[in-house]
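Please treat every number below as a calculation from the coordinates, not as lab data. Since we're looking at a predicted model, the values are computed, not measured. Don't worry about glycine lacking a Cβ; one is built from the backbone with ideal geometry, like all the others, and counts go over all protein chains shown.
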Amino acid sequence: MPEIRFYSGENIPLELHKVRIVQKLDLVPVERRAEAIEEAGYNTFLLKNKDIYLDMLTDSGVNAMSDRQLAAMMVADDSYAGSSTYTRLTDKLTEIFGTEYFLPAHQGRAAENIIAMTFVQKGSIIPMNYHFTTTKAHITRLGGYVEELVVDEGVKVESDCPFKGNFDLERLEKLLKENHDRIPFMRIEAGTNLIGGQPLSLENIEMAADIAHRYGVLTVMDASLLQDNLYFIKTREEKAKDLSLREITRRISGKMDIIYFSGRKLGFARGGGISIHSKELYLKMRELVPMFEGFLTYGGMSVREMEAMAVGLDETMDMDVISQGPLFIKYMTDELMKRGVPVVTPAGGLGCHLDAMRFIPHVKQEEYPAGALAAAVFIAGGLRGMERGTISEQREEDGSEHLAAVELLRLALPRRVFTLSQVKYAVDRISWLYDNRSLVGGLRFVEEPSSLRFFFGRLEPVSDWPQKLVEAFRRDFSDSL
Ligand SMILES: *Cc1c(COP(=O)(O)O)cnc(C)c1O
């Protein structure tokens, strides 16, 4: 989106696309919303779409596609082996990343599985700026250990640091110096999902990669959220100001041995894969693809999605395309801040993040403030967000709770999906909830799976607070949904 100045002085993100296909939405009454979240065990993952007005759970696989992507899906080459769709996708990745080899996988976590199975052993240490849920699960499943090295500013919810996803390079250097023999690779997540879609700077990526290589450690980038990170590098980093998006991408990929991504985010389609510079590393991982994903030329993906991804990757190199997400998120974040609602600053990629510990400080961390806020925001507006706090962590081996560094409610803005009036509605209902925040109470588990509990776990409120919230809503909105 271009920087268009409004005569009114108002700053509104202006779309450089038009809507050509629409999907009907329902907005059910607050009483039904309260029932629905109860039925879902107070876990927004278990809600049904018919009860949801704005699905802000994730940006994964739900971004709007372009006309060019849809057109490309029609020319997909459906064959088990040797598909020319695979060649087109690989060529696009070579053009963008400069990587020669590509291993397809059905989505981001499948790529993580392949990388982890190839390189992680019991006792391995994997340094990273910040973990992602599925990444950590794959590494710890194999007996590896995740070491998080994000700068201190990264876990401060209120900040004006433009690159909160950066590595603390001193800690990285120290860890590598002392333990490089136990470190098969370093992982760079650009941008960092769990701490608010916060980016790394180009300089930090380059320096971190140089340190790793000095100790003979491979560099692996999780590029799932790279498009937002590219936007922030381009707009926030002085030294990148005169570089094109393609040049920035090449600078980054030139420092990486392996780049993997979720095509559900990067590329606006559904799938994933691993791009690799060297034949040796490619061969090391290759046999796992037919074993777990599908033959080497589709890796469990639909060829239609692969065609769409190739076009989507191309469109990722266009500032008008990749700026839409970050600018909508900034608009939503700014509007919430004007109303005093505690949010993660500066606005990052992926979505707008509410800071549950400041939103409902009376709910203690053992009663999952981010999970409780997710349930409350759903009752208040039919908005489905995702808990990114203690529920998203795994318990320690001794069974004790691992309290998250931050308790966030992520309200994702799938790219090009919502209109500004919908964002305004979300802001309105969240600010209503903020004014009624004293009503919101905590949650406790009634069914707790031992792994990835945030997906399937069921909880209940510690009191009748959801009912109180519905009553307050009805007092203020007697004639509105
Ligand atoms: C979504 C995501 C993944 C996992 O990708 P899926 O396609 O959902 O399996 C991995 N890393 C990051 C940073 C992500 O945002």
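Counting only other residues whose beta carbon sits under 13 Å from that of PRO104, what net charge do I get with K and R as +1, D and E as -1? Could the numbers behind the result be given before it?
Working: positive: ARG88, LYS92, ARG270, ARG286; negative: GLU293, GLU305, GLU307.
Around PRO104, the charge tally is +1.
Pairs from the list LYS156/LYS177; LYS122/LYS265; LYS164/LYS330 with a Cα-Cα gap above 20 Å: LYS156/LYS177; LYS122/LYS265.
With Kirkwood's inverse mean 1/r over C-alpha pairs for Rh, give me the Rg to Rh ratio of segment 422-481, two decimals please.
On the way: Rg = 14.8 Å, Rh = 13.6 Å.
Across segment 422-481, the Cα-based Rg/Rh ratio is 1.09.
Amide H contacts under 5 Å for GLY389: LEU408, restricted to partners 5 or more places along the chain or on a different chain, H placed in the peptide plane at 1.01 Å from N.
Give me Rg/Rg_expected for segment 140-258, where Rg uses Cα atoms only and Rg_expected = 2.2 N^0.38 Å with N residues.
1.04
For THR219, the residues 5 or more places off, or on other chains, whose built amide H falls under 5 Å of its own are MET186, ASP257, ILE258. One compactness figure for segment 311-433 is 1.15, namely its Cα radius of gyration divided by 2.2 N^0.38 Å. Direction-averaged projected area, Cα convex hull, the chain: 22.3 nm², rounded to one decimal.
Among the trypsin sites (Lys or Arg not before Pro) within segment 231-330, those in coil by DSSP and having at most 14 neighbouring Cβ atoms inside 10 Å are LYS241. For segment 85-130 versus segment 211-245, the inter-centroid distance based on Cα atoms is 17 Å. Taking only the Cα atoms of segment 53-209, the ratio Rg/Rh comes out at 1.02, with Rh defined as the Kirkwood radius.
Model label sites at ARG458 and LYS241, defined 7 Å from Cα along the beta-carbon direction, differ in position by 5.7 nm. Compute the signed sum of charges (Lys and Arg +1, Asp and Glu -1) over the other residues within less than 13 Å, Cβ to Cβ, of VAL406. Taking every Cβ under 13 Å from that of VAL406, the sum is -3. Altogether, the Stokes-Einstein calculation at 4 °C and 1.567 mPa s, with the Kirkwood radius of segment 7-46 over Cα pairs as Rh, returns a diffusion coefficient of 91 µm²/s. In segment 261-366, inverting the average of 1/r over every pair of distinct C-alpha atoms gives 17.1 Å as the Kirkwood radius.
Taking the three principal axes of the alpha carbon atoms in segment 191-279, the coordinate ranges are 33, 33, 26 Å, sorted in descending order.
Spherically averaged projected area of the convex hull of Cα atoms, segment 148-218: 4.5 nm². Helix content alone sets the calculated 222 nm mean residue ellipticity of the chain: runs of n ≥ 4 DSSP H residues at -39500 (n - 2.57) each, divided across all residues, give -11500 deg cm²/dmol. Based on Cα atoms of segment 1-106, Rg over Rh with Rh as the Kirkwood radius reads 1.10.
In this model, which of LYS241/LYS424; LYS24/LYS50; LYS24/LYS338 are farther than 20 Å apart at the alpha-carbon?
Numbers: LYS241/LYS424 32 Å; LYS24/LYS50 10 Å; LYS24/LYS338 31 Å.
Listed pairs above 20 Å: LYS241/LYS424; LYS24/LYS338.
Inverting the pair-averaged 1/r between distinct Cα atoms of segment 363-481 gives 15.4 Å as its Kirkwood hydrodynamic radius.
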